[in-house]
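Have a look at the structure below, then the notes.
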Amino acid sequence: MKEILRYLFEYKTLSRAQARAVLLDIGRGNYNESAITAFMTVYLMRSITIEELQGFREALLELCVPVHINDTPLLDIVGTGGDEKNTFNISTLACFVVAGAGQSVAKHGNYGASSVSGASNVMEQLGYRFKTDEQQLKREVEEAGICFLHAPLFHPALKVVGGIRKNLGMRTFFNMLGPMVNPANPDYQLVGVFNLEMARVYNYLLQLSGKQFTIIHSLDGYDEISLTNDTKVITNAGEQILSPQQLGAKTIAPEALYGGATVADSAKRFTTILSGNGTEAQRLVVLANAAMGLFCTGNFSDYQTAFATAEESLDSGSAYQSFQKLIALQS
């Protein structure tokens with residue numbers, strides 16, 4: 001690692017093969033915590049290149065515990081995190097709305113590194129048991145329409161660096177990797193990113209995958225549709241900027257998205273919103289993200305139809321029933 005660090009400290013970048021080799025060694029436990037921290041710090045000081053990101057991704061997938069959920073097309077709605085906005089768990093809530101609408105979901109997530117409560121924090125608090133058992137995950141998708149994949153269980157490298165990321169309390173390049181390494185290999189992806197540079201990188205990489213995708217970035221810095229400002233939307237077909245009004249709602253205040261001071265608080269907000277008792281702002285933000293996820297699949301003629309479908313899922317209680325079924329399967 002010393003030679004790698006010297007090389008990087010000279011303002012050089014890694015080739016795809018070099019990046020892959022370093023992350024393979026990290027995942028296999030070949031470096032100590034200090035060396036890994038120094039390595040991660042490099043990417044807090046400069047942008048990651050596409051070749052480096054590709055190499056890191058290849059290493060994570062090579063080490064990944066594979067899982068085949070079922071033959072039903074799957075969707076994942078996930079943000080890179082690291083926007084330091086401490087919002088409530090919008091993408092996870094949107095996943096349940098999507099599942100309630102009949103679209104199967106394999107949600108990939110992790111503990112929060114720069115926020116109070118990541119997807120894994122809130123799901124664990126609400127009684128979900130992390131697992132890699134393929135049959136159990138299949139059953140969850142079949143009966144509840146959704147399963148949850150806790151990233152460190154499937155990716156050894158993420159487990160190795162988990163404590164370091166938490167101690168740093170800042171976004172690292174692992175935030176960028178998360179949405180690209182879902183072990184279920186979903187057919188459709190709605191990916192939220194924290195800045196426009198990352199949006200361009202994701203656009204390049206996801207175009208290569210040949211899958212249906214949508215990348216979203218709120219222009220005031222959120223890695224999701226926040227409705228606090230316009231949203232940049234990038235798909236296989238092109239890109240556009242949409243206003244909160246075009247996304248089926250209205251402009252809301254940033255404080256309406258506050259996620260809480262503790263994991264318990266976040267979990268309480270989660271069930272309140274999912275059971276249909278959230279504020280209007282909370283409801284609209286969840287619906288906008290769920291609608292964009294549904295629209296990403298190509299199964300809707302327009303976004304407005306997808307939004308109406310998301311509304312029906314949340315307001316009828318179908319989304320909450322999906323959640324209740326999933327938690328019931330944990331016992």
- [ ] Collect the residues in region 247-285 that are charged (D, E, K, R), under 18 Å from Ala319 (Cα atoms) and surrounded by fewer than 18 Cβ atoms within 10 Å (Cβ to Cβ), keeping them in residue-number order.
- [x] Lys268, Glu280
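Can you tell me which residues in region 183-202 are in contact with an Asp or Glu (Cβ under 8 Å, 6 or more places away or on another chain) and under 20 Å from Phe295 (Cα atoms)?
Passing the criteria: Pro186, Tyr188, Gln189, Leu190, Gly192, Val193.
Only one of Ala319, Ala288, Ala306, Ala310 is at pLDDT 95 or above, surrounded by 19 or more Cβ atoms within 10 Å (Cβ to Cβ) and out of contact with any helix residue (DSSP H, G or I) (no Cβ under 7 Å at 6 or more places or on another chain). Can you tell me which?
Selected residue: Ala288, the only one of Ala319, Ala288, Ala306, Ala310 that is at pLDDT 95 or above, surrounded by 19 or more Cβ atoms within 10 Å (Cβ to Cβ) and out of contact with any helix residue (DSSP H, G or I) (no Cβ under 7 Å at 6 or more places or on another chain).
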Task: Within region 37-47, tally of residues that are surrounded by fewer than 21 Cβ atoms within 10 Å (Cβ to Cβ) and under 23 Å from Pro156 (Cβ atoms) - done: 7
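The rows are residues; the columns are (1) β-branched (Val, Ile, Thr); (2) without any contact (Cβ under 8 Å) to a residue 40 or more places away in the chain; (3) in contact with a His (Cβ under 9 Å, 6 or more places away or on another chain); (4) buried (at least 24 other Cβ atoms within 10 Å of the Cβ).
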| site | (1), (2), (3), (4) |
| --- | --- |
| Thr49 | yes, yes, no, no |
| Phe56 | no, no, no, yes |
| Leu63 | no, no, yes, no |
| Asn70 | no, no, no, no |
| Pro73 | no, no, no, no |
| Gly79 | no, no, no, yes |
| Cys95 | no, no, no, yes |
| Ala99 | no, no, no, yes |
TODO: Would you point out which residue out of Val42, Val67, Val22, Val116 is assigned to a loop (DSSP other than H, G, I, E, B), over 30 Å from Thr228 (Cα atoms) and of a type outside the set (Gly, Ala, Ser)?
DONE: Val67
Open item on the list: Here is a check on your reading of the model: is Ala264 at pLDDT 95 or above, over 20 Å from Gly192 (Cα atoms) and not hydroxyl-bearing (Ser, Thr, Tyr)?
Closed with: yes
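Quick grid of which residues meet (1) part of a helix (DSSP H, G or I); (2) of a type in the set (D, E, K, R):
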site: Val78; (1), (2): no, no
site: Glu84; (1), (2): no, yes
site: Gly112; (1), (2): no, no
site: Asn121; (1), (2): yes, no
site: Glu124; (1), (2): yes, yes
- [ ] With the checklist (1) of a type in the set (A, V, I, L, M, F, W, C); (2) within 17 Å of Thr80 (Cβ to Cβ); (3) out of contact with any Pro (no Cβ under 6 Å at 6 or more places or on another chain) in hand, flag the one item Val191 doesn't pass.
- [x] (3)
Task: Tally of residues being touching a residue at least 60 places away in the same chain (Cβ under 8 Å), over 17 Å from Ala256 (Cβ atoms) and surrounded by fewer than 19 Cβ atoms within 10 Å (Cβ to Cβ) across region 202-234 - done: 2
- [ ] Would you mind stating whether Ser91 is in a helix (DSSP H, G or I), assigned by TED's automatic domain parsing to the domain that holds Asp220, touching a His at 6+ places or on another chain (Cβ under 8 Å) and touching a residue at least 24 places away in the same chain (Cβ under 8 Å)?
- [x] no
Open item on the list: Given the options Thr72, Thr13, name the one that is polar (S, T, N, Q), within 30 Å of Leu294 (Cα to Cα) and assigned to a loop (DSSP other than H, G, I, E, B).
Closed with: Thr72
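The values are calculated or read from the model by the stated rules, or taken from the named source; none is laboratory data. In this text, all values refer to a predicted model and were calculated from it rather than measured experimentally. Ideal geometry is used to build each Cβ from the backbone, glycine not excepted, and the neighbour counts take in all protein chains shown.
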